[in-house]
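Right, one structure below, let's go through it.
The values are calculated or read from the model by the stated rules, or taken from the named source; none is laboratory data. Bear in mind that the values here come from a model prediction, so they are computed numbers and not experimental data. Cβ: placed from backbone, ideal geometry, glycine included. Neighbour counts: every protein chain shown. Calculation scope for accessible area: heavy atoms of the full protein, side chains included, ligands and nucleic acids excluded. Shrake-Rupley method; radii C 1.70, N 1.55, O 1.52, S 1.80 Å.
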Amino acid sequence: MKIEARQVESFLKKPDPKVRGVVIYGNDDGLVAERAVTLARSVCEDLKDPFRVVDIAGEVLKQDPARLADEFGALSMMGGRRVIRVRPAGEESVAALENLVEAVAGDALIIVEASNLTPRSNLRTLAETEPSLAALPCYMDNEAALEGLVESAARAQGMSVDPEALEWIVQRLGGDRGQTRGEIDKLLLYKGTDAGKSITLEDAMAVLGDTASIGIDDVIAATFDGEVVALDRALDRVFAEGGNPVQLVRSLQRHADQLHLVSGHVAKGANLEGALFKARGLPRGGPVRQRFERHLRGWPLPRLSAAVSTILEAEIDCKRTGLPHEAIARRLCLRLSQAARSAKARR
């Protein structure tokens, strides 16, 4: 059976006793690992307990597909339900899971940690269609999920997050749950342990400003200006210094959305100054404002609408195709930059 999004949290805390095995998969490796640990701890809190927790690699099951059913039926010497973690896993684990389904008796919970599985995957299909198995997808967090993650982490420490700080943080976090957790933990550690504190924009910029948005502004500028050579250099620098491709795609999306918003108001008869106030976070002057106005002139509303659709397609590709995220981000930037370059040539 497939675990729906609304069922995830309750299932992780208290899995259905009829479920023998859970296949956790997706393009967010950090979230796959996090949910696997949460699920395992619902059965055995101490995941280092050698009597109740067993780790098996998927390749081992390829050579010995009967082992999973054997482990399912084995009893702990010290009592208590056992957890069998299969990781990393892929299509080589299908035969072992089929044997698990056919097993006569057993009480262990089997947790299979896989990477991204396409709808054609035999492992995914088996987990989704077999009543004694469950499929739990893990895809990269959207902005609403990131906001909830930041706020809940702060709340757990007795803190709150100022609205402008929350918006700034979410804009600079990527979609990978593991990386996101690391950035949030770093911010909370910086803020300290005193309850009642509020995380301000200054706090967020002090901790995340140097690492989360390196060079992305240069990429946005080169992309929408149609400067292909400068774009190539900026992308190399961003990824060489650990930039997150999904974060980059979302930054491009925010910029295009802001341009589309302002351009739409102008098209309806609003004056430019009034329309620019609709763009959140846009300074009243300086190079960022000048760049934004330059992009407004170079990207009329129909072209911006096409750009917004192109960026959305790229974000969907990051979530569903399994292609390298850096390749998707580079291809997106190049397509947009070439569109801007072509428009310049026609003017």
Query raised in the report: Across the range 299-347, what is the total count of residues that are under 16 Å from the mean Cα position of the chain (by Cα) and not aliphatic (A, V, I, L, M)?
Result: 11
Query - Selection from the range 270-285 of residues that are assigned to a loop (DSSP other than H, G, I, E, B), of a type in the set (A, V, I, L, M) and at pLDDT 75 or above - result: 270
Query raised in the report: Taking the condition more than 24 Å from residue 186 (Cβ to Cβ) and either in contact with a Ser or Thr (Cβ under 8 Å, 6 or more places away or on another chain) or open to solvent by 50 Å² or more (accessible area, probe 1.4 Å) (or both), does residue 220 pass?
Result: yes
Requested in this report: Quickly run through the range 1-41 and pick out the residues that are of a type in the set (S, T, N, Q) and open to solvent by 50 Å² or more (accessible area, probe 1.4 Å).
Outcome: 7, 10, 38
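Okay, residues lined up against (1) in contact (Cβ under 8 Å) with a residue 60 or more places away in the chain; (2) buried (at least 22 other Cβ atoms within 10 Å of the Cβ); (3) among the charged types (D, E, K, R):
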| position | (1), (2), (3) |
| --- | --- |
| 131 | yes, no, no |
| 135 | yes, yes, no |
| 143 | yes, no, yes |
| 147 | no, no, yes |
| 151 | no, no, yes |
Query raised in the report: Which of (1) open to solvent by 10 Å² or more (accessible area, probe 1.4 Å); (2) among the aliphatic types (A, V, I, L, M); (3) modelled with pLDDT of 90 or more is the odd one out, the single condition residue 267 does not satisfy?
Result: (3)
Query raised in the report: If we keep just the residues of the range 42-89 that are among the acidic types (Asp, Glu) and over 31 Å from the mean Cα position of the chain (by Cα), which is most open to solvent (accessible area, probe 1.4 Å)?
Result: 70
Requested in this report: Kindly establish whether residue 170 is β-branched (Val, Ile, Thr), more than 16 Å from residue 188 (Cα to Cα) and open to solvent by less than 60 Å² (accessible area, probe 1.4 Å).
Outcome: no
Requested in this report: Among the candidates 346, 330, 335, 303, single out the residue that is surrounded by 14 or more Cβ atoms within 10 Å (Cβ to Cβ) and free of Cβ contacts under 8 Å to residues at least 40 places away in the same chain.
Outcome: 335
Query raised in the report: So, in the range 176-196, of the ones that are modelled with pLDDT of 85 or more and surrounded by fewer than 16 Cβ atoms within 10 Å (Cβ to Cβ), which residue ends up farthest from residue 30 (Cα to Cα)?
Result: 190
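Conditions tested, residue by residue: (1) among the small types (Gly, Ala, Ser); (2) assigned to a strand (DSSP E or B).
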{"site": "65", "(1), (2)": "no, no"}
{"site": "71", "(1), (2)": "no, no"}
{"site": "75", "(1), (2)": "no, no"}
{"site": "79", "(1), (2)": "yes, no"}
{"site": "97", "(1), (2)": "no, no"}
{"site": "100", "(1), (2)": "no, no"}
{"site": "106", "(1), (2)": "yes, no"}
{"site": "111", "(1), (2)": "no, yes"}
Query raised in the report: Within the set of pairs 6+ apart or on separate chains, which have a first residue in the range 1-17 that is free of Cβ contacts under 8 Å to residues at least 40 places away in the same chain, a second that is hydrophobic (A, V, I, L, M, F, W, C) and surrounded by 15 or more Cβ atoms within 10 Å (Cβ to Cβ), and C-beta atoms under 8 Å apart?
Result: 12/39
Query raised in the report: Take the residues of the range 113-129 that are assigned to a loop (DSSP other than H, G, I, E, B) and without any contact (Cβ under 8 Å) to a residue 12 or more places away in the chain: which is farthest from residue 178 (Cα to Cα)?
Result: 120
Requested in this report: Would you mind finding the one in 18, 62, 13, 48 that is within 26 Å of residue 142 (Cα to Cα) and either at pLDDT 95 or above or among the basic types (Lys, Arg) (or both)?
Outcome: 13
Report task. Return yes or no: is residue 301 more than 13 Å from residue 216 (Cα to Cα) and touching a Ser or Thr at 6+ places or on another chain (Cβ under 6 Å)? Result -> yes
Query - Close pairs (6 angstrom Cβ cut-off, 6 or more residues apart or separate chains): at negative phi in the range 223-245, surrounded by fewer than 18 Cβ atoms within 10 Å (Cβ to Cβ) and in a helix (DSSP H, G or I) anywhere - result: 234/218; 239/326; 245/326
Requested in this report: Determine, yes or no, whether residue 294 is modelled with pLDDT of 85 or more, in a helix (DSSP H, G or I) and charged (D, E, K, R).
Outcome: yes
